[in-house]
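Enquirer: One structure coming up, written as structure tokens, with questions to follow.
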Amino acid sequence: MPRKRKLLAELSALQSNSSIAPSDALENLNTTPDGDSSPKSSKYFATEKKKSFQLEADFFSQPCISLAKSFLGQILVRRLPDGRELWGRIVETEAYLGGEDEASHSKGGKQTQRNAAMFMKPGTLYVYQIYGIYFCVNVSSQGEGAAVLLRSLEPLRGLDVMRELRSASRKGPAKPLKDWQLCNGPSKLCQAFGIDKAFDQRDLTQDAAIWMVPGRELPGEQDVVATTRIGVGNRGEWSHKPLRFYLRGNKFVSVVDKKIEREMAVMGPSSCS
């Protein structure tokens, strides 16, 4: 009985911490399929002592391509001003490698007021605007001016709120969005999560309104499709490099490369090992 009271007290403390996931989410994230409730031990996860399960600085401090792949299956959490939380599983990313990358905002190593976040410590958000209306969110990685674009999320929690936020950004009356339409694109996920320019240069390891937690089931190499980036245009060889990564077979991905997937199916699992 004393042990039970101790566990309840610890759970109560977790729920009272503003930067920590709700208790049911913690249980789901830290219970293995066979029922083992022991916490995950990866060095990328915060320790129990800190009473937080969010991804920490070590996770983000990876080379750009490695981070882009590692994001797949992880969970983005957004806490709104009224306390409601939105959760989405990352299912598609793009890597932008900095100086030599002709498609990167930091090509040539040029640092500007706009792209300053790309040169900040790994885990810093880089939010920029396109067409003067929409926003896209990136996360800085190792490498001068390198960052990963978050392209698509699989909505997990707060879908009705996401639908409201997306609807507020659409012009005129429209049919209700289906679940797979909420976050299947970089601007769509920013709308659904209420991410705008105010989030530029924020630190995912420190911010109270946005952070990441580890996904329960992370994909293997055979589950990840590597293909060309979207909307890169005429950037020579950089238009054809396989720097977009997504979860194979996931219906929340923005654009599926059927040709690459057919090749993967023919070659089998060993081609991805």
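Enquirer: When the chain is fully extended, how far beyond the present Cα-Cα distance does His240 get from Trp180, taking 0.36 nm per residue of separation? Mind showing how you got there, number by number?
Expert: On the way: separation 60, 0.36 × 60 = 21.60 nm, distance 2.72 nm.
Full extension of this stretch gives 18.9 nm more.
Enquirer: Now for a separate question. If amide H atoms are built 1.01 Å from N in the plane of the peptide, which residues on other chains or at least 5 residues away come under 5 Å of the amide H of Leu55?
Expert: Placed amide hydrogens put Met212, Val213 under 5 Å from Leu55.
Enquirer: Right, something else. Kindly report the accessible area of the range 125-253 per residue (heavy atoms of protein chains, probe 1.4 Å, no ligands, DNA or RNA), in Å². All intermediate terms of the calculation are to be shown ahead of the outcome.
Expert: Numbers: 5940 Å² over 129 residues.
Dividing the accessible area of the range 125-253 by its residue count gives 46 Å².
Enquirer: Could you tell me which GluC sites (Glu not before Pro) in the range 208-273 are loop residues by DSSP with no more than 12 other beta carbons within 10 angstrom of their beta carbon?
Expert: Details: sites: Glu217, Glu221, Glu237, Glu261, Glu263; in loops: Glu217.
Passing both the DSSP loop test and the Cβ count: Glu217.
Enquirer: Quick check: with the 1.4 Å probe, what order do Phe119, Phe193 take by accessible area, largest first?
Expert: Largest accessible area first, the list is Phe119, Phe193.
Enquirer: Moving to a separate point now. With the contact rule set at Cα under 8 Å and sequence spacing of 6 or more, what percent relative contact order holds for the range 196-243? Working shown, then result.
Expert: Numbers: 22 pairs, mean separation 11.4, N = 48.
Contact order relative to length: 24 percent.
Enquirer: Also, quick follow-up: Counting only pairs 8 or more residues apart or on different chains, how many lysine pairs in the range 122-273 have their Cα atoms under 19 Å apart?
Expert: 9
Enquirer: Out of the total accessible area of the range 102-180 (probe 1.4 Å, heavy atoms of protein only), what percent is carbon and sulfur?
Expert: On the way: 2140 of 4140 Å².
Using a 1.4 Å probe with all protein chains present, the range 102-180 comes out at 52 percent carbon and sulfur.
Enquirer: Alpha carbon centre of the range 151-170 versus the range 100-133: separation in Å?
Expert: Computed from Cα coordinates, the inter-centre distance equals 25 Å.
Enquirer: Can you give me the pair-distance distribution of the range 56-129, C-alpha pairs, 10 Å bins, whole percents?
Expert: Pair shares across the bins are 17, 43, 31, 8, 0.
The values are calculated or read from the model by the stated rules, or taken from the named source; none is laboratory data. All values derive from a computational prediction rather than experimental measurement. Cβ sites come from the backbone with ideal geometry, for glycine too, and all protein chains shown count toward neighbours. Each accessible area value is taken on the protein alone, full model and side chains, heavy atoms only, with ligands, DNA and RNA left out. Shrake-Rupley method; radii C 1.70, N 1.55, O 1.52, S 1.80 Å.
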